[in-house]
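The values are calculated or read from the model by the stated rules, or taken from the named source; none is laboratory data. Since the model is a prediction, treat every value here as computed from it, not as a measurement. Positions of Cβ are generated from backbone atoms using ideal geometry, with glycine treated the same way; all protein chains shown enter the neighbour counts. Keep in mind that these areas ignore ligands, DNA and RNA; they rest on the heavy atoms of the full protein, side chains included. Shrake-Rupley method; radii C 1.70, N 1.55, O 1.52, S 1.80 Å.
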Amino acid sequence: MTTDNKMASSSCASAAAAAADDSKNPKQIIRRQLQKLEERSAASAAESETPATKNQIDKILRQLEKLEEESNNRETKRRIKKILGQVDILEELNPDEKKPIDKIRTQLEKLDEKLEQEDSDDSDSDWCGGPTLLYDRDSTASKYRDPERTKDLIESAAIALDYFNKKYSTRYDLVEVIEATSSPCAGYMLYMTFTAKIDGVEKANTFSTKIYYGIGATEVESVQIVTT
């Protein structure tokens, strides 16, 4: 094989690999599904009309462009939540298009889960202060089992569970808080483990969560089951 042929073959292989990667890219999958929806909507709409579906698809596409411009995980997750809300509206406009809309929703949830995993893996020590123990279920020291603080932590655990239940369509109820720490962070970041279970199921699961409490803002950064 000549040098030119080798280079051409290598170029084709690289292009094929890039195309394969692109076909699996969540944002590209979303765009393809939106394009198919728009084409079907245009085929069924009168030419004199401006279909509500097209307007909603355009809104989602604009948000996808802004999503690519976000520079940090927190803002990206907020943008994903906004797009999910717009997808809900798209589904209301197109109840017969549940399958492609579910594909769009699944890809957005994958993006969100990836961000949550990155947040879970990353240490916050480079931008937040050191952790302070707030509560320890197994401690004998009264300061780590303060009733008022326990009440506040139960409310925080409920916020995390509500987020988890809505995201995964589950019905977990809080059993108990195990441990909680916090770090000052333009407000503070709360790290907590707790147990929860589904009504009628004997065994509880252990959850971990990270909740950001800022000035006038509360945001669940991550919540996940760590043991079953």
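The requirement of being within 19 Å of the chain's Cα centre (by Cα) and open to solvent by less than 80 Å² (accessible area, probe 1.4 Å) is fulfilled somewhere in the stretch 177-190, by at least one residue. All of Pro95, Pro100 fail the test of being open to solvent by 40 Å² or more (accessible area, probe 1.4 Å) and either at pLDDT 85 or above or under 30 Å from Glu221 (Cα atoms) (or both), apart from Pro95.
So which residues in the stretch 114-150 are of a type outside the set (A, V, I, L, M), open to solvent by less than 80 Å² (accessible area, probe 1.4 Å) and either at pLDDT below 85 or closer than 21 Å to Arg78 by Cα (or both)? Those that are of a type outside the set (A, V, I, L, M), open to solvent by less than 80 Å² (accessible area, probe 1.4 Å) and either at pLDDT below 85 or closer than 21 Å to Arg78 by Cα (or both): Glu116, Glu118, Asp119, Ser120, Ser123, Asp124, Cys128, Gly129, Gly130.
Of all residues in the stretch 158-175, those that are assigned to a strand (DSSP E or B) and open to solvent by less than 70 Å² (accessible area, probe 1.4 Å) total 2. Test Ile89 against the criterion of being open to solvent by less than 50 Å² (accessible area, probe 1.4 Å) and either at negative phi or under 23 Å from the mean Cα position of the chain (by Cα) (or both), and give yes or no. The answer is no for Ile89.
Applying the condition of being more than 25 Å from Ile225 (Cβ to Cβ) and touching a residue at least 24 places away in the same chain (Cβ under 8 Å) to the stretch 74-86 and asking which residue is most open to solvent (accessible area, probe 1.4 Å) yields Gln86. Looking only at residues of the stretch 21-50 that are assigned to a loop (DSSP other than H, G, I, E, B) and open to solvent by 30 Å² or more (accessible area, probe 1.4 Å), we find that the one that is modelled with the lowest pLDDT is Ser48. Residue selection: Leu190 fails the criterion of being in a strand (DSSP E or B) and farther than 28 Å from Thr76 by Cα. For the stretch 189-211, a tally of residues being touching a Cys at 6+ places or on another chain (Cβ under 8 Å) and at pLDDT 95 or above returns 0.
Which ones in the stretch 202-228 are open to solvent by 60 Å² or more (accessible area, probe 1.4 Å) and assigned to a loop (DSSP other than H, G, I, E, B)? Within the stretch 202-228, Glu202, Lys203, Ile215, Gly216, Thr228 meet the criteria.
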